[in-house]
Structures are given as C-alpha cells and as structure tokens.
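Read through the structure below, which is laid out as structure tokens, and then see the notes.
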Amino acid sequence: MRFKQLLTDDDAVSPVIGVILMVAITVILAAVIASFVLGLGDQNNPAPTADFNFDWDNGTATSDDGSLTITHGDGDELDATQVYVRGDYSPTGDQDWQTLSTSPSSPSTVAAGDSIEIGGSMASDYTINVVWEDPDSDTTSTLSTDRGPDA
C-alpha cells in the first residue's frame, strides 16, 4: 500500500464534507421554522394582574340577604366590559363590571379604587369569582375569588 498516495488522495473528502454541511443546514433550518411556527401558534394576550377586595355586609337582623362590595385594590387597569363577576347572586350571577356599576356614567375601565355593590337577594353562603375574558379568544382568567361567611 502506498502511504504517500493515501495522504495526497482527497477524492472522498469533498463529498463527505458536503453531506455533513447539507445535513447541518437542514437541521438548523428545521429548528428555526419549527420555533417560528410554534411561537406564532400561542399568541394569546397575557392575563392582567389585579387584586380585588371583598366586603360583606350582613344587612338587617330580620333578613338573611346582605350586600357585597367588590373593590379593585391594586394592579392593572382593566376594560370594564372584559371583567365579569360570576357567582351566586341575583339577577343573573354573570354580569360585566360596567353593567353592575351604579355610576351615573357607565365606566369604561376598572382602576384601583373603583368598586361595585351587589345587593338585594344575596345570601351569606355565596361564592363569587372576578373573571377577566380575553377579547380576542375564548380564554378566561380568574382574577380573584371570595366565599361568604357561611359558605
């Protein structure tokens, strides 16, 4: 065998390097495309952060029905039509903040310090959820939950 010819013969080197480079480029291209496609598939709005405070008032001694005041304590300013109060109360148990507001001008936003009162026929064994609904999808996020004193 001729060792000198082995050292100088490079016929098989170019095809091997070419194949390795093509495989590497294909793997990198596939990874970039996959990350782009998977990244675009999950573009929901992130849920806002907000803290709500609940204040239960028993009402009169002759009635089991009381009222609940919900106050936006801290956090993001929210669109009033995207914040829902869901739970055991009259009339429907599922209304947005703007509808529940007793303000003369229906508020378009819910900011820190804003409050609503749910009264009338509300028993002390209630469960209330303050829920944000994403306007661009069917995604919801529970921002705060409260249970009545007898729940």
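Quick note: the coordinates plus some simple rules give every number you see, no bench work behind them. Because the structure is predicted, anything quoted here is derived from the model rather than measured. No Cβ is skipped: glycine too gets one built from the backbone with ideal geometry, and neighbour counts run over all protein chains shown.
When peptides 51-57, 80-86 are sorted by average Cβ neighbour count within 10 Å, with the highest value leading, the order is 80-86, 51-57.
If the chain between SER35 and SER67 were fully stretched, how many nm would it gain, using 0.36 nm times the residue separation less the Cα-Cα distance?
Values: separation 32, 0.36 × 32 = 11.52 nm, distance 5.08 nm.
Once the chain is fully extended between SER35 and SER67, it gains 6.4 nm.
3J(HN,Hα) along segment 100-108, derived from phi through the Karplus expression 6.51 cos²θ - 1.76 cosθ + 1.60 where θ = phi - 60°, amounts to 6, 5, 9, 5, x, 9, 4, x, 8 Hz, with x in place of Gly and Pro. Here the calculated FRET efficiency for ASP76 and ASP55, from their Cβ-Cβ distance with R0 = 22 Å, stands at 0.55, rounded to the nearest 0.05. Only Cα pairs under 8 Å and 6+ residues apart enter the sum, and on that basis the relative contact order of segment 50-147 stands at 31 percent. For segment 28-38, backbone phi angles converted through the Karplus equation (6.51, -1.76, 1.60; θ = phi - 60°) give residue-by-residue couplings of 5, 4, 5, 5, 5, 5, 5, 5, 5, 5, 5 Hz, Gly and Pro being listed as x.
Would you mind ranking VAL130, VAL23 so that the residue whose beta carbon has the fewest other beta carbons within 10 Å leads the list? Walk me through the numbers before you get to the answer.
Working: VAL130 25, VAL23 10.
Fewest-to-most ranking of VAL130, VAL23: VAL23, VAL130.
Sequence-ordered 3J(HN,Hα) estimates for segment 128-133 from the Karplus curve with 6.51, -1.76 and 1.60 and θ = phi - 60° stand at 10, 10, 9, 10, 9, 10 Hz, glycine and proline given as x. Near GLY59, the amide H atoms lying under 5 Å from its own belong to SER67; only residues 5 or more places off or on other chains count, and H is placed 1.01 Å from N.
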